[in-house]
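Below: one structure, written as structure tokens.
The values are calculated or read from the model by the stated rules, or taken from the named source; none is laboratory data. Predicted model only: the values in this text are computed from it and were never measured. Cβ sites come from the backbone with ideal geometry, for glycine too, and all protein chains shown count toward neighbours.
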Amino acid sequence: MLINELQAMYVMWLRQMKRFLRFKSRIFMTIVQPLFFLFILGSGFRNISFPGMQSENFIYFFAPGIVAMSIMFSSMFTGVSVMWDKEFGFLQEVLVAPISRMSIILGRTLGGATTALIQGLIILSIVIGMGIPIAGPVGLAFTLIFMIFIAFTAVGFGLILASKMRDVQSFPLIMNIVVMPLLLVSSAFFPLKNLPPIATNLALLNPLFYMVDGLRGSMIGTDNMFPPILDLTALIIICIAMLSLGSYFFSKSEA
Amino acid sequence: MDIIKTEKLRKEFNGFTAVDDISFSVKKGEIFGFLGPNGAGKTTTIKMLTTLMNPSSGSATVAGFDVNKKRNDVRQNIGVVFQEPALDTELTGKENLDFHARMYAIDSDKRKSRIEEVLKLVDLEKKKDEYVKNYSGGMKRRLEIARGLMHFPNVLFLDEPTLGLDAQTRRAIWEYIKKMNKEEKTTIFLTTHYMDEADFLCDRVGIINKGKILVIDTTSNLKNSIGNDIITLSCTNMKKLIDKLEKEEWIKKIKKHESFVTIGVEKGEEKIPTIIEIAQKLNIKIKSINLRKPTLDDVFLSFTGKSISNEGAADHPWKKHARREMLKNR
């Protein structure tokens, strides 16, 4: 029985990998989009120094934000793609197979997180190639751990959306109304120190803040508000909550 | 042996009863069909039998397992071809089959040989490495049927297997369905709103309308129940003619419709002159008369009072509109 479930998880994972690797243009685009941000915003603001910013160049400050953003977006997207499966009927085929919903969810989550991590790693290596200083091997190890948890958290969030949304059309809306504002106050683009104190405090309720702050703390080692280990603890709690909620909602939804 | 058995199976959605206490059984090895118009409750029944929906009340067993309590055992024993395509279009045909086999825990040697086997059964060997998004509608259907058979199911559920396909492709799919019923000894449960499909494929048919089963029998018994021959006639004073004919012994069944009367008889060709004679005596003018063998459509008509094709047309708002326009212009 366990073998069946593992096999099923593997299938769900393999399916996502095949779909991901098969369409090179799609990979290209998901990588190009964050690079646009990095190069255009990064070079536009190159000479700007926000008060309180310790990094000597804006692009150093900005790079961890971009890595986090690219993983976040692509994971969320793979989570939401359950919606497409529902729309195109493929989900029924999976639900009628003799495997538990938990394996379906786990397989999908692993698949989504893997594809997002591949993209994140590509961005990360480009960033390193550009000469952005990395805070040593321990920092790099922490960076990878953060990337993994960011991926799983965002897949979980995507699954919640997919189970609760009625149609595919609402996805871009939610991205614009919920995710973009959260991203803006996550310190990905600018330090939060300059916001009114009340907004800074509110940012502590923003899950995206811990992702970006932690990733920055481990990657470049400056300009983070909290020590990475604290961010990581918060992120792990958020991640568990998102994944449990996501799989709970998914198992409740009927095909 | 009964491979599917339901007892007062019922499904309600917010007060609307989609399936209304139906009880029936399907024997091992047969092709059983649910015939009924759109919205009769066919798909809902399939969804309950395939564990995708929970019944509101009643019970059902498939291959000896309760659909509510032994979901995984039921799932292991069935194959399903849904009404809407359920393929991953970004994978190849072969990959779709391979993934399916893995989810049903078929080991790798068996998997390879079985994929070849089912592909051959539906003539898709040459297209197996193409992406499913490049398949035609008929090819997708065939691939789904092949996939439904991958894991040697005891029962294969087909929900409207030829919906939206052209006449030639439908024929071909019917042949595949017959073939796998014969060669693989798979019991087949299908739903359809096409008379000819039920007639051609099914050993037994259940006529379902508004969530209720009206009758279940073999297709030939159903057709015989309304007479060997059907005479349709239209005339001036239908009421008077019917009153007179109803007293005749050789009339098996007589039914008045809006503008015509249908009469079920034996040896219809000998009865036409008799009917004309009677009509003439009563001074009734016959406008048209014809004789034919009964079809399932006649059976459906006699049980529901409505023709299935008209029912379907009335369902679609545009068709209704179009018909109104046509009548206006006449």
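One table, with the values for the structure above:
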| read-out | value |
| --- | --- |
| Failed criterion for A:R166 (all others in (1) more than 10 Å from the chain's Cα centre (by Cα); (2) assigned to a helix (DSSP H, G or I) hold) | (2) |
| Checking B:F34 against (1) surrounded by 21 or more Cβ atoms within 10 Å (Cβ to Cβ); (2) more than 9 Å from chain A (Cβ to nearest Cβ); (3) at pLDDT 90 or above; (4) out of contact with any Phe, Trp or Tyr (no Cβ under 8 Å at 6 or more places or on another chain), the condition it does not meet | (4) |
| Test result for A:M72, under 18 Å from the mean Cα position of the chain (by Cα), surrounded by fewer than 24 Cβ atoms within 10 Å (Cβ to Cβ) and not hydroxyl-bearing (S, T, Y) | no |
| Residue within the range A:32-53 that is within 25 Å of A:A135 (Cα to Cα), more than 11 Å from chain B (Cβ to nearest Cβ), buried (at least 21 other Cβ atoms within 10 Å of the Cβ) and touching a Leu at 6+ places or on another chain (Cβ under 9 Å) present | no |
| Residue in the range A:90-104 that is farthest from the other protein chains (Cβ to nearest Cβ), counting only those that are within 16 Å of B:N68 (Cα to Cα) and assigned to a helix (DSSP H, G or I) | A:R101 |
| Given (1) over 14 Å from the mean Cα position of the chain (by Cα); (2) under 22 Å from A:I132 (Cα atoms); (3) surrounded by 15 or more Cβ atoms within 10 Å (Cβ to Cβ), index of the condition A:S186 fails | (1) |
| Residue that is farthest from the other protein chains (Cβ to nearest Cβ) [pool: residues in the range A:105-114 that are surrounded by fewer than 24 Cβ atoms within 10 Å (Cβ to Cβ) and among the β-branched types (V, I, T)] | A:T114 |
| Residue within the range B:13-29 that is touching a strand residue (DSSP E or B) at 6+ places or on another chain (Cβ under 7 Å) and assigned to a loop (DSSP other than H, G, I, E, B) present | yes |
| Check on A:S125, under 15 Å from A:S70 (Cβ atoms) and not charged (D, E, K, R) | yes |
| Close pairs from the range B:52-67: first without any contact (Cβ under 8 Å) to a residue 12 or more places away in the chain, partner part of a loop (DSSP other than H, G, I, E, B) and of a type in the set (A, V, I, L, M, F, W, C), Cβ under 7 Å, at least 6 apart | B:L52/A:V96; B:L52/A:A255 |
| Some residue of the range A:13-27 being farther than 30 Å from B:K133 by Cβ and either under 20 Å from the mean Cα position of the chain (by Cα) or not basic (K, R) (or both) | no |
| Filtered residues of the range B:146-166 (kept if farther than 20 Å from B:T50 by Cα and more than 16 Å from the chain's Cα centre (by Cα)) | B:D166 |
| Enumeration of residues in the range A:76-89 that are facing chain B (nearest Cβ under 10 Å) and either outside any loop (DSSP other than H, G, I, E, B) or of a type in the set (K, R) (or both) | A:D85, A:E87 |
| The one condition in (1) over 18 Å from the mean Cα position of the chain (by Cα); (2) without any contact (Cβ under 8 Å) to a residue 24 or more places away in the chain; (3) more than 30 Å from A:R101 (Cα to Cα); (4) in a helix (DSSP H, G or I) that A:V32 fails to fulfil | (1) |
| Entirely in the range B:73-191, the helices (runs of 4 or more DSSP H) that have 3 or more residues that are within 14 Å of chain A (Cβ to nearest Cβ) | B:93-103, B:108-121, B:137-149 |
| Restricting the range B:37-72 to residues that are in a helix (DSSP H, G or I) and not basic (K, R), the residue that is farthest from the other protein chains (Cβ to nearest Cβ) | B:T45 |
| Residues satisfying the stated conditions in the range B:266-302, i.e. among the β-branched types (V, I, T) and under 26 Å from the mean Cα position of the chain (by Cα) | B:T295, B:V299 |
